[in-house]
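Right, one structure below, let's go through it.
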Amino acid sequence: MMSEITISEINDLFESVYKTYGYDFREYNPDHLKRRLINRMALSQIGSFGELKRRVIAEPVFSSLIFKDLSIQVTEMFRDSSFYEAFRASVIPFIKTYPFVKIWQAGIASGEEVYSIAILLREENLYDKCMIYATDFNQHALEQGMEGVYPESKIKKYIRNYQQAGGKASLSDYIVHDYNRIIINSDLRKNIVWANHNLVTDKVFSEVNIILCRNVMIYFNKELQEKVHALFLESLANGGFLCLGMNESFPASSIMKNYSTFDVRNKIFKKKYRALSHMK
Ligand SMILES: C[S@@+](CC[C@H](N)C(=O)[O-])C[C@H]1O[C@@H](n2cnc3c(N)ncnc32)[C@H](O)[C@@H]1O
């Protein structure tokens, strides 16, 4: 089935999707798009690509299923514990010297990553001078994040991650157990602004000191990664930090040269102090 969908069919479909719905997947990695479409065809018992395309364009309810399929939401609290350890050891000392800190977490899925950073800031007595902008283009995911309610079944893994990440207390200090769910304490939410933001089509909304965009750009092609990096460069204050996913890197040396590699293994980069005219 995989070989039956061609790149030009994929391009054609996502051109029509863009024109019909305004959602822009035209520069997503074609292998990712292909895998997700084939999966959807199997789940919805669709026999041909033509039928898939017809349904995507004619049926808004079906199209929203596709959009959901395409935004992979895998996430967890303190995912890649060594990243959080490194963030605590090397970024936190800088944050301590700032009077006020703005953090943009882009592509946050259901919000576990946002609460992980919030907990870390709380443990370092920095939470009250921080503002976290938590954004994603998937409204459903954002709403889950805002609610901060997660299945109890995940807690064992989250506790393990938290401990491996050098957590200073107990994860239970930050959550309430409620039957088969865990609920994040309201105290951790007060400095978080949740907003729908599409990295492909929306602009910079604020100058920030730290950007986390982890495991999002792996789904984009090189050109789109470059555009999103330009957005981050514009948004990040000089000397600010950019944190990428463990398997991510810069798409071009022209972008990389704006950063000093602060912690290569954990993908933490520091924006160089330069005049804006030298950024290009
Ligand atoms: C795999 S999750 C990563 C979650 C979290 N950052 C982590 O590392 O655990 C990828 C997220 O990126 C979001 N995403 C994908 N394309 C996006 C776009 N164009 N604009 C904003 N968010 C996007 C998806 O909706 C999804 O929630």
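The values are calculated or read from the model by the stated rules, or taken from the named source; none is laboratory data. Every value quoted in this text rests on a predicted model; they were computed, and no experiment measured them. Glycine also receives a Cβ, built like all others from the backbone with ideal geometry; neighbour counts cover every protein chain displayed.
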(request) Would you check which residues across segment 155-185 are surrounded by 15 or more Cβ atoms within 10 Å (Cβ to Cβ) and either aliphatic (A, V, I, L, M) or part of a helix (DSSP H, G or I) (or both) and list them? (result) 155, 158, 159, 161, 162, 165, 171, 174, 175, 182, 184
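Suppose we keep only residues that are of a type in the set (D, E, K, R) and touching a Phe, Trp or Tyr at 6+ places or on another chain (Cβ under 8 Å) within segment 96-113. Which one would you say is nearest to the ligand (Cβ to nearest atom)? Steps first, please.
Looking only at segment 96-113, we keep the residues that are of a type in the set (D, E, K, R), and these are 96, 102, 112-113.
From what is left, the residues that are touching a Phe, Trp or Tyr at 6+ places or on another chain (Cβ under 8 Å) are 102, 112.
On the way: 102: 18, 112: 7 Å.
Result: 112.
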(request) Kindly indicate whether residue 122 is within 22 Å of the chain's Cα centre (by Cα), more than 16 Å from the ligand (Cβ to nearest atom), in a helix (DSSP H, G or I) and over 22 Å from residue 265 (Cα atoms). (result) yes
(request) Test each condition in (1) within 22 Å of residue 91 (Cα to Cα); (2) within 13 Å of the ligand (Cβ to nearest atom) for residue 209 and report the one that comes out false. (result) (2)
(request) Considering only segment 5-65, give the helices (runs of 4 or more DSSP H) lying wholly within it that have at least 3 residues that are β-branched (Val, Ile, Thr). (result) 7-21
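Limited to segment 133-149, what total is found for residues that are under 14 Å from residue 188 (Cβ atoms), touching a Phe, Trp or Tyr at 6+ places or on another chain (Cβ under 8 Å) and either in a helix (DSSP H, G or I) or in contact (Cβ under 8 Å) with a residue 60 or more places away in the chain (or both)?
First pass over segment 133-149, keeping only residues under 14 Å from residue 188 (Cβ atoms): 134, 145-149.
Those left that are additionally touching a Phe, Trp or Tyr at 6+ places or on another chain (Cβ under 8 Å): 134, 145-146, 148.
Applying the additional criterion that residues be either in a helix (DSSP H, G or I) or in contact (Cβ under 8 Å) with a residue 60 or more places away in the chain (or both) yields 134, 145-146.
Final tally of qualifying residues: 3.
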(request) Consider residue 190 carefully, then state whether it is part of a helix (DSSP H, G or I) and either of a type in the set (D, E, K, R) or at pLDDT below 95 (or both). (result) no
(message) Can you tell me which residue is nearest to the ligand (Cβ to nearest atom) among those in segment 226-242 that are under 17 Å from residue 132 (Cα atoms) and either among the charged types (D, E, K, R) or touching a helix residue (DSSP H, G or I) at 6+ places or on another chain (Cβ under 7 Å) (or both)?
(response) 242
(message) Of everything in segment 125-137, what is under 18 Å from residue 170 (Cα atoms) and under 17 Å from the mean Cα position of the chain (by Cα)? Give them in sequence order.
(response) none
(message) List pairs: first residue in segment 99-115 and under 13 Å from residue 150 (Cα atoms), second residue surrounded by 24 or more Cβ atoms within 10 Å (Cβ to Cβ) and polar (S, T, N, Q) anywhere in the structure, Cβ distance under 7 angstrom, at least six positions apart or on different chains.
(response) 113/105
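Residue-wise test of (1) part of a strand (DSSP E or B); (2) hydroxyl-bearing (Ser, Thr, Tyr); (3) in contact (Cβ under 8 Å) with a residue 40 or more places away in the chain.
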site	(1), (2), (3)
210	yes, no, yes
242	yes, no, no
247	no, no, no
273	no, yes, no
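Yes or no: residue 90 within 16 Å of the ligand (Cβ to nearest atom), touching a residue at least 12 places away in the same chain (Cβ under 8 Å) and of a type in the set (S, T, N, Q)?
Values: within 16 Å of the ligand (Cβ to nearest atom): no; touching a residue at least 12 places away in the same chain (Cβ under 8 Å): yes; of a type in the set (S, T, N, Q): yes.
In short, no.
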(message) For segment 17-50, give me the residue count where each residue is over 14 Å from residue 71 (Cα atoms), loosely packed, with under 13 Cβ neighbours inside 10 Å and of a type outside the set (Lys, Arg).
(response) 7
(request) Please give the number of the condition residue 218 fails out of (1) surrounded by fewer than 19 Cβ atoms within 10 Å (Cβ to Cβ); (2) more than 22 Å from residue 135 (Cα to Cα); (3) within 16 Å of the ligand (Cβ to nearest atom). (result) (2)
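Only one of 215, 180 is touching a residue at least 24 places away in the same chain (Cβ under 8 Å) and in contact with a helix residue (DSSP H, G or I) (Cβ under 6 Å, 6 or more places away or on another chain); which? Write out each step before concluding.
Values: 215 fails: in contact with a helix residue (DSSP H, G or I) (Cβ under 6 Å, 6 or more places away or on another chain).
Matching residue, one of 215, 180: 180.
I'd like the full set of residues that are small (Gly, Ala, Ser) and under 30 Å from residue 228 (Cβ atoms), limited to segment 137-165. Before the answer, list the steps.
So the first thing to find is which residues in segment 137-165 are small (Gly, Ala, Ser), and the list is 141, 145, 148, 153, 165.
Scanning segment 137-165 gives 141, 145, 148, 165.
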(request) Hey, can you tell me all the residues within segment 73-84 that are among the hydrophobic types (A, V, I, L, M, F, W, C) and buried (at least 16 other Cβ atoms within 10 Å of the Cβ)? (result) 77, 78, 83
(request) State the number of residues belonging to segment 212-222 that are outside any strand (DSSP E or B) and among the aromatic types (Phe, Trp, Tyr). (result) 1
